[in-house]
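Undergrad: Please find one structure pasted underneath; my questions will follow.
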Amino acid sequence: MTLDTFLAASQNAIHIRLTKVRGSSPREPGAQMFVSADTLYGTIGGGQLEYMAIDKARAMLRAGCVAEDMDVPLGPEIGQCCGGRVAITLRQMTTADCRIAYQHEMQSLAARPRVYILGAGHVGRALAQFFQFLPVRCILIDGRSEELSLCDANVETRLSVMPEADIREAPANSAFIVLTHDHALDFVLTSEALDRFDAAYVGLIGSATKREKFARFHAVSSVGKDTIGLTCPIGASESTDKRPEVIAAAVVAEVMVRLTAPAIAEIKSTPDQYPAKTA
């Protein structure tokens with residue numbers, strides 16, 4: 001369900017928002033959800049806190065109450081052990097409120113970080129299956145239409161014979177995961193992503209040996225030359241399981257940590273340290 005679907009189906013709804021957080025809590029200030037008599041959209045963290053807020057919201061709807069506030073300690077009293085304290089506002093939504101909420105939702109969706117999966121093979125498609133459920137805009141790119149057609153995830157698929165151009169046109173703080181069917185193409189695309197200097201994540205599938213080979217290629221063919229910003233192997237873990245879904249799960253976790261870190265895309269090198277790249 002999307003927010004516009006929820007709002008269209010809900011004649012009356014309460015907007016619940018965390019306005020202040022002290023100490024530890026399940027969500028951050030600004031977290032919000034919407035509650036109608038029989039459905040929900042969003043979350044403020046689940047658990048007893050959320051159940052209490054939902055009960056309060058539905059009681060407001062039954063009573064015709066316009067506004068309430070809650071101040072809740074997250075301790076044994078409500079069956080939670082976070083130890084913090086949160087302030088919550090609950091407001092019955094007007095037509096104008098619904099319009100503003102929808103506009104904010106569209107802005108939030110447009111601002112989501114981009115994740116470019118370069119290669120629609122088994123691992124690429126498994127990555128798309130995970131990313132479709134996460135707060136990112138995922139783009140699966142390949143030059144082979146038959147491979148793209150096998151993807152049934154709800155992500156953007158892009159047939160591209162020159163994926164280097166897709167990398168160059170991506171917004172800052174994007175993530176690039178390179179796993180094409182061709183090692184030479186992998187090297188070209190990874191080098192292109194590193195030479196942007198503003199990527200949140202650049203990952204290349206392969207082994208430590210492949211990383212060494214790429215480093216030699218990058219040193220003689222790129223502007224930046226170093227591979228400080230490269231993650232290779234991707235999804236590094238103690239597991240030796242090579243099934244695409246298992247690899248994809250580890251990579252998705254790795255990418256999301258990088259995308260949601262407080263200082264996103266820490267850049268080790270800046271473009272003005274190097275000469276402009278020429279064609």
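We did not get these values from a lab; they are worked out from the coordinates using the rules stated. What you see is a predicted model; the values in this text were computed from it and never measured. Don't worry about glycine lacking a Cβ; one is built from the backbone with ideal geometry, like all the others, and counts go over all protein chains shown.
Undergrad: Return the only residue of Ala57, Ala53, Ala120 being assigned to a loop (DSSP other than H, G, I, E, B) and crowded, with 18+ Cβ neighbours inside 10 Å. Give the derivation first.
TA: Numbers: Ala57 fails: assigned to a loop (DSSP other than H, G, I, E, B); Ala53 fails: assigned to a loop (DSSP other than H, G, I, E, B).
Within the list Ala57, Ala53, Ala120, the selection yields Ala120.
Undergrad: While we're here: Search region 237-253 for residues that are farther than 14 Å from Gly203 by Cβ and in contact (Cβ under 8 Å) with a residue 60 or more places away in the chain and pair each with any residue that is small (Gly, Ala, Ser) and in a helix (DSSP H, G or I) when their beta-carbon atoms are under 7 Å apart and the residues are at least 6 apart or on different chains.
TA: Short answer, once both residue conditions are applied: Pro244/Ala126; Glu245/Ala126.
Undergrad: Within region 1-13, can you find the residues that are buried (at least 19 other Cβ atoms within 10 Å of the Cβ) and touching a Ser or Thr at 6+ places or on another chain (Cβ under 8 Å)? Write out each step before concluding.
TA: Going residue by residue through region 1-13, those that are buried (at least 19 other Cβ atoms within 10 Å of the Cβ) are 6-7, 10, 13.
Residues satisfying the conditions are Phe6, Ser10, Ala13.
Undergrad: Another question about this same structure. Looking only at residues in region 172-198 that are touching a strand residue (DSSP E or B) at 6+ places or on another chain (Cβ under 6 Å) and of a type outside the set (S, T, N, Q), which one is farthest from Glu147 (Cα to Cα)?
TA: Leu194
Undergrad: Next up: I'd like to check something: does region 207-224 contain any residue that is touching a residue at least 24 places away in the same chain (Cβ under 8 Å) and in contact with a Cys (Cβ under 6 Å, 6 or more places away or on another chain)?
TA: no
Undergrad: Just for region 19-34: of the residues that are small (Gly, Ala, Ser) and farther than 8 Å from Val86 by Cβ, which one is surrounded by the fewest Cβ atoms within 10 Å (Cβ to Cβ)?
TA: In the first step, residues of region 19-34 are kept if they are small (Gly, Ala, Ser); the result is 23-25, 30-31.
Of the ones still in play, those that are also farther than 8 Å from Val86 by Cβ are 23-24, 30-31.
Values: Gly23: 11, Ser24: 12, Gly30: 9, Ala31: 19.
Per the stated criteria, the residue is Gly30.
Undergrad: Follow-up. Are any residues in region 139-191 farther than 14 Å from Gly124 by Cα and aromatic (Phe, Trp, Tyr), and if so, which ones?
TA: Phe187
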